[in-house]
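A.B. asks: Dropping a structure here in structure tokens format, bear with me for questions.
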Amino acid sequence: MIWTTDLRKGVVIEVDGVLFLVLEYQHVKPGKGPAFIRTRLRELQSGKVLDRSWRSGEKVKDVRLERRTFEMLYRTEEGLVVMDPDTFEQIILDDRVVGDTALYLVDNCRLEVLFNGSEPISIDPPTFVDLLIVETDPGLKGDTASGGSKPATLETGLVVQVPLFLKEGEKIRVDTRTDTYIERVKS
């Protein structure tokens, strides 16, 4: 058991027999009344996101998970085939485990898989991924006086805002935590 004041982003807790990942955490001290903890939680099994407030000083059950690094090999109808680079063990992660993280994954990329015992329950993509732009409008010179952006569809189906000078066929680096363009990648 841990105190609610020890909750942090990335901590996994158990509430009523269901595992939740803490996405956001905020300690609130109103002018009147006791302090409380406001959290945004994602249910690991279904992927549902919910907001929950806790009284300061309350206890919650934390869960110890094992993190292992895997390499993505390819996609199948059953799910994502990944391999442990040390043991060469291959496992298939179904769509329930992968969720929206599939938008950041390309063949041969490294990712972290969270295990509760021997069962994979969630995956963390790399912080930065390099993806190819497959569709975007042409940027016209002089469109704006200071910068500007346009939507671009990437090879995995992810849509991000990119600067006007980028065009189809270019590779860019994307921050997976915020879905934002970072820089153009030289091939």
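The numbers here are math on the coordinates, done by the rules we state, and not lab data. Only a predicted model underlies this, so the values are computations on that prediction, with no experimental measurement involved. Cβ placement follows ideal geometry from the backbone for every residue including glycine, while neighbour counts extend to all protein chains displayed.
A.B. asks: With viscosity set to 1.567 mPa s and temperature to 4 °C, compute the Stokes-Einstein D of the chain, Rh being the Kirkwood radius across alpha carbon pairs; µm²/s, no decimals.
C.D. replies: Working: Rh = 18.9 Å.
Translational diffusion coefficient: 68 µm²/s.
A.B. asks: Related question: Just the Kirkwood number for the stretch 66-124, please: inverse of mean 1/r across all distinct Cα pairs, in Å, one decimal.
C.D. replies: Details: mean 1/r = 0.0890 Å⁻¹.
Kirkwood radius, the stretch 66-124: 11.2 Å.
A.B. asks: Please identify the trypsin sites (Lys or Arg not before Pro) of the stretch 41-94 that satisfy two criteria: DSSP loop assignment and at most 11 other Cβ atoms within 10 Å. Which are they? Show your work: numbers first, answer last.
C.D. replies: Details: sites: 42, 48, 52, 55, 59, 61, 64, 67, 68, 75; in loops: 48, 64.
Here the sparse-neighbourhood loop sites are 48, 64.
A.B. asks: So which GluC sites (Glu not before Pro) in the stretch 46-77 are both in a DSSP loop and have at most 16 other Cβ atoms within 10 Å of their Cβ? Display every interim value, and only then the final one.
C.D. replies: Numbers: sites: 58, 66, 71, 77; in loops: 58, 77.
Those that pass, being in a loop and sparsely packed, are 58, 77.
A.B. asks: Still on this structure, I have one more. Under the 0.36 nm per residue contour assumption, what length would be gained going from the current alpha-carbon distance of residue 66 and residue 90 to full extension?
C.D. replies: On the way: separation 24, 0.36 × 24 = 8.64 nm, distance 1.70 nm.
Length difference between fully extended and current span is 6.9 nm.
A.B. asks: Per DSSP H run of n ≥ 4, the term is -39500 (n - 2.57); total these for the chain, divide by its residue number, and report the mean residue ellipticity at 222 nm rounded to 500 deg cm²/dmol. All intermediate terms of the calculation are to be shown ahead of the outcome.
C.D. replies: Working: 1 runs with 4 residues, N = 187.
Result for the chain, helices only: -500 deg cm²/dmol.
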